[in-house]
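Readers should treat all values here as calculations from the given coordinates under stated rules, not as data from a laboratory. Because the structure is a prediction, the values reported are computed rather than measured. Cβ coordinates were reconstructed from backbone atoms using ideal geometry, including for glycine residues, and neighbour counts include every protein chain displayed.
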Amino acid sequence: MIEFDHDTIAACCTATPPDSDGSALVNAIAHCCAAPELKLALVRGGWHRLGGVVDGDYRPIAEHLLQWAEEESQGDLEDLVLRYIDAGYFATRIRGKTHYLTLSTGPEPYDFIQIEVEELQEEVERILIDRDWYPEDLEEFVAPMANFPRIDPEPIAPPRYHLRRIFTAHQLLATQRLQHPPQYQNMTRFGSEWSHSSASHHPLCHHWVIAVRESIDAEGDARYALRPIPTHDAPPYTRKPLPETLFGAELANLLTTIDREAGHPFAWYFLMLGSAMVTHQLGDRVLLDHLNDYSYLPQRDLQVLTSWHQKPYSV
């Protein structure tokens, strides 16, 4: 069983300058871990989170805005505002995207290692304190409403990679057995159906990654909510209600189009289960075609679809 060392990969990420397509990151990790089959499965961007505090020359004052505000205010927001209203400080944000790297390690769908690497860039977002806008509480001071005066975001440091997490899929999935039993059952069924369908000749991790949402419960223990994310898109029109006349050859052609764009057979079925790209109505239409003796699915896929129809689910 291949095991990746967290510290080794973290150092590799830190030492690798981001490029336009993530290839440098993949090559660097694959080289340092002797894993030439490592693949970049998906990049998801468009997110940001709180940054820190910088002065008027963009020199760092604090790395974490919330922590700084809590320590400086000591529960007295007015005192914080009065002390720093003329300081000329700026609040920053971290703009990022997540690179999902996967490596198949065995024959089963969840036999894979997933590495999540964040590409981060800190940029100035706004004046820290505006004389014409007073926050009602510390939460609003740290994350003011949309009408707070903003400035054009300006990067203050080059982008960098940061290792977010590494996990073996089947081991992480096992945590769901006790934390989220229904989700565990659905995720397990998703993988089982993959292995029993015509998609089984394609590694699941080349077409799906697992998004992880981590939280801390009342006892201080980590809890994880998992959901599969497709690494490919579906034709936009599949997200809409299906035309009343879409049956037979036209419907079969639609399935072929989705599968071709996804890169593996029976892709439309798994997109139906694990995304909003494909309506569940599509599965019902396909099954109705086969009940009316218009057959185009392989028998193994038809059996999976029939089982879903008898006991529908999604992940």
Relative contact order as a percentage, the chain, C-alpha pairs under 8 Å and 6+ apart, gives 14
Among Ile216, Ile129, Ile61, the residue with the largest mean-square fluctuation in a Gaussian network model of the chain built from Cα contacts under 10 Å is Ile216
Which residues qualify? For Trp208, with a placed amide H closer than 5 Å and at least 5 residues away or on another chain, they are Thr231
Net charge (Lys, Arg +1; Asp, Glu -1) of residues whose beta-carbon lies under 13 Å from that of Arg150, Arg150 excluded, is -3
Zone reached by a paramagnetic label modelled 7 Å from His64 Cα along Cα→Cβ, restricted to the stretch 195-219 with backbone N below 17 Å, covers 214-217
For the stretch 102-117, Karplus-derived ³J(HN,Hα) couplings (6.51, -1.76, 1.60; θ = phi - 60°; whole Hz; x for glycine and proline) come out as 10, 9, 6, 10, x, x, 7, x, 9, 7, 7, 9, 10, 10, 10, 10
About its Cα centre, the stretch 236-310 carries a charge dipole, from +1 on Lys and Arg Cβ atoms and -1 on Asp and Glu Cβ atoms, whose size in debye to the nearest 20 is 220
Expressed in Å to one decimal, the Kirkwood Rh of the chain from all distinct alpha-carbon pairs is 22.8
In terms of the alpha carbon gyration tensor, root eigenvalues a ≥ b ≥ c, rounded if a/c is under 1.5 and otherwise prolate when a/b exceeds b/c or oblate, the stretch 102-145 is prolate
Averaged over all viewing directions, the convex hull of the alpha carbons in the stretch 126-232 casts a projected area in nm² of 11.7
For Ala267, the net charge from surrounding residues (Cβ-Cβ under 14 Å; K, R +1; D, E -1) works out to -4
Exposed trypsin sites (Lys or Arg not before Pro) being those in a DSSP loop with at most 16 other Cβ atoms within 10 Å, the longest stretch of the chain free of them is 151-315
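DSSP loop GluC sites (Glu not before Pro) in the stretch 187-276 with at most 14 other Cβ atoms within 10 Å of their Cβ, which ones?
Passing sites in the stretch 187-276 are Glu219, Glu244.
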Out of Ser275, Pro265, Pro241 - ranked by how far each Cα lies towards the positive end of the dipole of the stretch 236-310, with unit charges on the beta-carbon of charged residues - the top one is Ser275
Once Glu244 and Asp217 are pulled to full extension, the length gained, defined as 0.36 nm per residue separation minus their Cα-Cα distance, is 5.0 nm
Once amide hydrogens are built 1.01 Å from N within the peptide plane, the residues lying 5 or more places from Leu42 or on another chain with amide H under 5 Å from its amide H are Tyr100
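Under the rule a/c < 1.5 gives rounded, and otherwise a/b versus b/c splits prolate from oblate, where does the stretch 168-230 land using the Cα gyration tensor?
Prolate.
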With +1 on the Cβ of every Lys and Arg and -1 on the Cβ of every Asp and Glu, the dipole magnitude of the chain about its Cα centre, in debye rounded to the nearest 20, is 1460
Counting only DSSP loop positions in the stretch 48-156, the GluC sites (Glu not before Pro) whose Cβ has at most 13 other Cβ atoms within 10 Å are Glu63, Glu136
If one builds a Gaussian network model of the chain from Cα atoms under 10 Å apart, the most fluctuating residue listed among Ser195, Ser23, Ser275 is Ser23
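Assign one of three labels to the stretch 236-310, namely rounded, prolate or oblate, based on the Cα gyration tensor with a ≥ b ≥ c the square roots of its eigenvalues; rounded applies when a/c is under 1.5, prolate when it is not and a/b is larger than b/c, and oblate otherwise.
It is rounded, given that a/c, with a ≥ b ≥ c, falls under 1.5.
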Stretched fully, the stretch from Arg177 through Asp19 gains (0.36 nm per residue minus C-alpha distance, one decimal, in nm) 53.0 nm
Shape descriptors of the stretch 60-190 over alpha-carbon atoms, Rg and Dmax in angstrom, are 21.3, 63
Charge tally for neighbours of Ile210 with beta carbon under 11 Å away, counting Lys, Arg as +1 and Asp, Glu as -1, is +2
